[in-house]
1. When the Kirkwood hydrodynamic radius is evaluated over all pairs of different C-alpha atoms of the stretch 143-222, what value in angstrom, to one decimal, is obtained?
2. In percent, what relative contact order does the chain have, based on Cα pairs under 8 Å that are 6 or more apart in sequence?
3. Aspartates and glutamates near Lys3 by alpha-carbon distance under 16 Å, same-chain residues fewer than 8 away left out - which ones?
4. Using only alpha-carbon positions, what ratio does the radius of gyration of the stretch 50-100 give when scaled by 2.2 N^0.38 Å?
5. Any chance you could tell me what percent of the C-alpha pair distances in the stretch 2-108 go past 17 Å?
6. Expressed in nm to one decimal, what extension gain is obtained for the pair Gln111 and Ala43 from 0.36 nm per residue of sequence separation less their Cα-Cα distance?
7. Answer with one residue from Trp244, Thr19, Leu284: the one whose Cα lies farthest towards the positive end of the charge dipole of the chain, charges on Cβ with Lys, Arg +1 and Asp, Glu -1.
8. In what sequence do His283, His85 fall when counting other Cβ within 10 Å, fewest first?
Amino acid sequence: GDKDRAREALEKAFELDTTDARVLLELDQLHKKLGMSAYERIAFCQKYWDTLIKRDDMYIEYVTLLNQVGKYEEAYKLIMARKFHPWEGGEGKVTTQYKIALLEMAKTEIQKKDYKNAIVHLNSALNYPENLGEGKLEGTKDNNINYYLGYCYEMIGRGDLAKKYFELASIGTDDPAGIMYYYDQPADMILYEGWAKEKLGKTVEANSRFYKLIDYGEKHIYDKLHVDYYAVSYPDFLIFDEDWDKKNKVHCYYLIGLGNLGLGNKAKAKEAFSQALKLDQNHLNCILYKKMV
């Protein structure tokens, strides 16, 4: 009942003034919470495009939806068409979607064996243009980009460069932190560290990373979480209260999926990503990695 009332109230508020971008943002976040599909949210946002473009946070949420449904080139074009300004709680949001769009474009090119263009896109992903409004943070992890650069160079016969990038991709921690803030090592970087170590012939180290992801996920899946509400820079907009236990469960399924993907257990990986997406259909990384299974 509360959710329906909230929806009615917000929809009424927005109807009264469809130029209010803050209300549009809140309404979209409520739609997300109520399980509206990415396609429906995209269609709704497009109706109010002139309102949407007033706010960076709403604009990047729309770009995120495009990445979610596989429209990477469109997402990239929209990012490049705007000058962003940093906002409280928005740290890393724009650069994350920028990297995802370019990386996924590069992966499509790799599938077509167009390694030269893939390398161009991967190099772009390593360098943030000024319009993104933020530079690289100290300690930003690019294991995934470096791994694919290594792979592309390997495929075009540049073993020297391949080794260089695989070595860069293999650097990092093997500790899969819980639901992390944006500046922690993202869990999927551990997957790429493992894959890079495999390429360098370090199979034992590689597998230990994959098993750590699975172990962490299995061990913590039923944890009860108490989260300090005022910690800065949660990955999500905290407009509405979060179900942290559910979020934790999703994250644990995600880790189990990553570890199994690393080990080549495709059925198990797919199952884990599917379980996560049942609980949270908007988990972008689960969507992207499930495609790789």
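Please treat every number below as a calculation from the coordinates, not as lab data. The model shown is predicted, which means the values in this text are computed figures rather than measured ones. Cβ placement follows ideal geometry from the backbone for every residue including glycine, while neighbour counts extend to all protein chains displayed.
1. On the way: mean 1/r = 0.0770 Å⁻¹.
Evaluated over the stretch 143-222, this radius sits at 13.0 Å.
2. Details: 391 pairs, mean separation 35.8, N = 293.
Result for the chain is 12 percent.
3. Result set, ordered by chain and number: Glu11, Glu26, Asp28, Asp241, Glu242, Asp243.
4. Details: Rg = 10.1 Å, N = 51, 2.2 N^0.38 = 9.8 Å.
Its radius of gyration relative to the 2.2 N^0.38 Å reference: 1.03.
5. The answer is 55 percent, as a whole percent.
6. Working: separation 68, 0.36 × 68 = 24.48 nm, distance 2.99 nm.
Fully extending the segment from Gln111 to Ala43 adds 21.5 nm.
7. The residue sitting farthest along the positive end of the dipole is Leu284.
8. On the way: His283 20, His85 10.
Lowest to highest Cβ neighbour count: His85, His283.
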